[in-house]
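Enquirer: I'd like to ask you about the structure that follows.
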Amino acid sequence: MKLAVFLVSTLILIVIIYFFTKKHGEGIKPIWWTIAFALKVLAGILLVYVYIGYYSDRGSADIFKYYDDGRTIWESTRGNNKDFVKIIFGIYNQDEYELLKNKYLVNTSHWDRADFVPFRYENRLIIRINAALMPLTGDNFGLHLLFFIFIAFIGQYFLFKSIAPFLQKKLSFLIIFLFPSLLLWTSGILKETIIIFIIGLWLYGLKLLIDKKYVLSVVLLLISTLIASTVKVYIIIGLYLSILPLIIYKIIKKYKVWQVYLSVFIIYILSIPLLKYLFGLDLLTLIVNKLELTTNLAISENAGSMINPLKLEPTLFSFIINAPLAIINTFFRPFINDIDSLIMIPSFIENLICILIMIIAIIFRKKEITQKEQNILLFFLSFTIIETLLIGYTTPILGATVRYRIFPMLFFLLSLIIIINFEKIRYKLKIKKI
């Protein structure tokens, strides 16, 4: 029965997507939108079986653990609807929270995260969503999976809608919806589905701001920022840090955009010691502590894809000299000698595809890039660099890296589309216009 409900619900969403994109497809035919969604559903099912086969302990499998905790909250609060609502919406003071924690939340496994510095509560939103869905889904895992897939799809739609006026549409669509790792990891009951939703919402809010639709723009930017602050705050920080130089450039209109970006990023680097001096926020020590925690966790759990962690010290010099290796570890590994299981092979092939696209971008690069393209290019590359470095600095486990890097890789591939001269490629290969 649960399977039938899942299949019928999937078909209903496919029909809705088809008819919606007839009018709002942004130049992409409805059939491609429905195919993209159907592939996400298949990827979600595949991901479930991957986790079942890879993890002997269900409690350590990300795709199940948030769902299981949500179900625990729902079951333990039955008959206490007021407490259930308090937990779902976070409506409690400190004393009430202690009571709720001792009575209900103590039964969960992932509500608290003591191993994350400095943000400890990144699991709670996704657990709350699963708990809130329980009365509606009747504890049907498939419907929960479908909900998160649809949320991710909405985020990808808004992302595409935001950049479609500026980039080659069909290739942008293929990258956003069909690039393998992005397709896979944004199709489960995982934080990545929430993150792609946040990114899409934020970028669309930015587009509305450019279009001078200020009220809706502020609402979307605010919502995406608030959600991100409870899931992966460094994603939204990366977005704001990357767009700030462009805003400054638009205001002063005196220097070249690359000069503004370079100057602002130098200021970012030099301001790190000031944050410690003025506000007591020691970012470098926090990152080093995070690296130590993830390293110890990987050792204790005997992580099979662990690599030698960076020898980071809480100094700017140490971070600067380790930056190239952080980028290599994030973007170009696993190397062929890193492959010790079948699960690593797709990531290795994906790396080869990225390198091939980079080579194409170098050989068939545009001679001139318009000002608007430069603006978008530098924004994309800035986000890529910030997120890639942060992942490389803090994650010595390749299995985790290939999952975390999907968002900087997405922005990097989109930036390559800006650089490539497709007319030159069509002329050389004698193919029709795509």
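Enquirer: Taking the alpha-carbon distance from Lys65 and a cut-off under 19 Å, which lysines remain once sequence neighbours fewer than 8 residues away in the same chain are dropped?
Expert: Lys101, Lys191, Lys232
Enquirer: Relative to the present Cα-Cα distance, how much length would full extension add between Tyr92 and Arg426 at 0.36 nm per residue of separation?
Expert: 114.1 nm
Enquirer: What part of the accessible area of region 93-234, given as a whole %, is carbon or sulfur when the probe is 1.4 angstrom?
Expert: 68 percent
Enquirer: So if each residue of separation counts as 0.36 nm, and I subtract the Cα-Cα distance between Glu26 and Ile299, what length gain in nm does that give?
Expert: 93.5 nm
Enquirer: Using a basic spin-label model with each label point 7 Å from the Cα along Cα→Cβ, how many nm lie between Glu122 and Ile272?
Expert: 1.8 nm
Enquirer: Can you tell me the accessible area per residue over the chain, all protein chains present, probe 1.4 angstrom, in square angstrom?
Expert: Accessible area per residue, the chain: 51 Å².
Enquirer: For a protection proxy built on the mean count of beta-carbon atoms within 10 angstrom, sort 404-413, 134-143 highest first, please.
Expert: Highest to lowest by the protection proxy: 404-413, 134-143.
Enquirer: Out of region 198-301, which chymotrypsin sites (Phe, Trp or Tyr not before Pro) are coil in DSSP terms and have no more than 15 other C-beta atoms within 10 Å?
Expert: Passing sites in region 198-301 are Tyr255.
Enquirer: Grab the Cα-Cα distance for Asn80 and Leu283, subtract it from 0.36 nm times how many residues apart they are, and report the gain in nm with one decimal.
Expert: Taking 0.36 nm per residue and subtracting the Cα distance, the gain is 68.9 nm.
Enquirer: Shifting gears a bit: Straight-line reach from Lys29: which aspartates and glutamates have a Cα under 14 Å away, not including same-chain ones fewer than 8 places off?
Expert: Counting by Cα, and skipping residues close in sequence, Lys29 has no aspartates and glutamates nearby.
Enquirer: Related question: Which is the longest stretch in the chain that no exposed loop site breaks, taking sites as GluC sites (Glu not before Pro) with a DSSP loop state and at most 11 other Cβ atoms within 10 Å?
Expert: Here the longest run is 1-300.
Enquirer: Enumerate the helices in the chain for which the Kyte-Doolittle hydropathy averages 1.0 or more and the C-alpha atoms extend at least 18 Å along the helix's axis, using complete DSSP H runs.
Expert: Span-like helices in the chain: 2-24, 30-54, 124-137, 141-163, 191-210, 214-231, 233-252, 257-279, 283-300, 316-331, 345-363, 406-419.
Enquirer: Between Gln371 and Leu39, what FRET efficiency comes out of the Förster formula 1/(1 + (r/R0)^6) with R0 = 41 Å and r the beta carbon distance, rounded to 0.05?
Expert: Between Leu39 and Gln371 the formula returns 0.70.
Enquirer: Does region 177-270 come out rounded, prolate or oblate, given a ≥ b ≥ c as the square roots of the eigenvalues of its C-alpha gyration tensor, rounded meaning a/c under 1.5 and, failing that, prolate meaning a/b above b/c?
Expert: Since a/c reaches 1.5 and a/b is larger than b/c, the shape of region 177-270 is classed as prolate.
Enquirer: A further question follows. For the chain, what class follows from the C-alpha gyration tensor (a ≥ b ≥ c being the square roots of its eigenvalues): rounded when a/c is under 1.5, otherwise prolate if a/b is larger than b/c, else oblate?
Expert: rounded
Enquirer: Continuing with this model, one more query. Sort 38-45, 181-188 for me by packing, meaning the mean count of neighbouring Cβ atoms within 10 Å per residue, highest on top.
Expert: 181-188, 38-45
The values are calculated or read from the model by the stated rules, or taken from the named source; none is laboratory data. Note that this is a predicted model, so its numbers are computed, not measured. Positions of Cβ are backbone-derived with ideal geometry, glycine not excepted, and every protein chain shown enters the neighbour counts. The accessibility values were calculated without ligands, DNA or RNA, using every heavy atom of the protein model including side chains. Shrake-Rupley method; radii C 1.70, N 1.55, O 1.52, S 1.80 Å.
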